[in-house]
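I have placed the structure first, in the form of structure tokens, so that the comments after it can refer back to it.
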Amino acid sequence: MTWTAPGDPADVVTRLTGAFETAYDAPAEVVGRAPGRVNLMGEHTDYNSGLVLPVALPHATWAAVRRRDDGVVRIRSRQQEQGWEGTVEDCAPGGATGWAAYAAGVLWALGAGAPPDAEPLQVPGLDVLIDSTVPVGAGLSSSAALECAVGAAVVALLGHDLDDAWRARLVAATVRAETEVVGAPTGGMDQGVAVGAEAGRALLLDFADGSSRPVDLGLGDAGLTLLVTDTRVSHELVDGGYGQRRADCEEAARLLGARSLRDVEPQQAESLDDERLRRRARHVVGEIERVRHSVEAFTAGDLPALGRLFLASHVSM
């Protein structure tokens, strides 16, 4: 087994800012950081207005940025050979491709692509350099960490504190970037925990009302730690499987006359004639309940109950 070190934040920032100055012949103005995550319970529940219980990792992505006065955007990464260069206008859907689309899409979603009810940021030209210790393709949300690190850096660069209102706006912008620019129909869990997590605690997110609250895991009291294992099976939100499951869930809710599967009871899910839709709905309805019971089990320190819940979730998946 190989341990992937999260990296000392001070060392990473020193290395990143040095590499930035080498790459762009000028110092970085701001460095943003966002963590990767692992989801403890609540798979495919976020886009069904359900509950999720993720926890942030010490592994994170950093984004160093500097403004330009010519409207040019240059995006590079210490983990990627190929960078991207365009203009602020090119950050819109159909512009950047590949890994750089995650970063460029956030610039668009915060600026020209902001929804009508949000004042768009006047995003200038930028030099951006990324560094990350989040394993890519391992299901640990390296993409959301990239988006949120870039977004946090740009928000700070333009003079805004990352308070609750800006955190909410940043989550919305990064979700829109991934959905409309990258083409991955994300549900928002990854971005929500990347922006809202607290060290040493999980985060209970409710996608029906947008609320969240930290949850103490109590593992240290039991002499336990959380082990996340990278199986080296590649994970991609844009491979079609995720989108098909989301479409199936939406169709199941439509057939049941519900706004989402959050409003469906177990017996209703079992009434679906189509076997695939029935299995999708059964999983989501049961998974939302498993999130609730997991929070109760963590609070009570009932580790055997947690084991049963984790097993049931994997079997359902």
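Using a Gaussian network model of the chain in which every pair of alpha carbons under 10 angstrom is joined by a spring, one finds that among Ala92, Ala19, Ala222 the greatest mean-square fluctuation is at Ala222.
For Trp108, the accessible area of its heavy atoms, probed at 1.4 Å with every protein chain present, is near 30 square angstrom.
At a 1.4 Å probe radius, carbon and sulfur cover how many percent of the accessible area of the chain? Working shown, then result.
Numbers: 7560 of 15350 Å².
Solvent-exposed carbon and sulfur of the chain make up 49 percent of the total.
Would you check the accessible area of Ile130, probe 1.4 Å, heavy atoms only, in square angstrom rounded to 10? Ile130 exposes around 10 Å² with every protein chain in place.
Taking only protein heavy atoms into account and a 1.4 Å probe, give the accessible area per residue of the chain in Å².
Per-residue value: 48 Å².
When only the Cβ of Lys, Arg, Asp and Glu is charged (+1, +1, -1, -1), the dipole of the chain relative to its Cα centre reaches about 460 debye.
GNM on the chain, C-alpha springs below 10 Å: top fluctuator among Ser260, Ser271, Ser212? Looking only at Ser260, Ser271, Ser212, the biggest GNM fluctuation is shown by Ser271.
Among the GluC sites (Glu not before Pro) in the range 270-308, those located in a DSSP loop and surrounded by at most 16 other Cβ atoms within 10 Å of their own Cβ are Glu270.
Mind running the shape call on the range 116-212? Use the C-alpha gyration tensor, a ≥ b ≥ c as the square roots of the eigenvalues: rounded below 1.5 for a/c, prolate if a/b tops b/c, oblate otherwise. Kindly include the intermediate steps, with their values, before the conclusion.
On the way: a/c = 1.38, a/b = 1.14, b/c = 1.21.
Taking the square roots of the gyration eigenvalues as a ≥ b ≥ c, the range 116-212 is rounded.
The values are calculated or read from the model by the stated rules, or taken from the named source; none is laboratory data. What you see is a predicted model; the values in this text were computed from it and never measured. For neighbour counting, all protein chains shown are included, and Cβ atoms are generated from backbone atoms with ideal geometry for every residue, glycine included. These area figures cover heavy atoms from the full protein model, side chains too; ligands, DNA and RNA do not enter into them. Shrake-Rupley method; radii C 1.70, N 1.55, O 1.52, S 1.80 Å.
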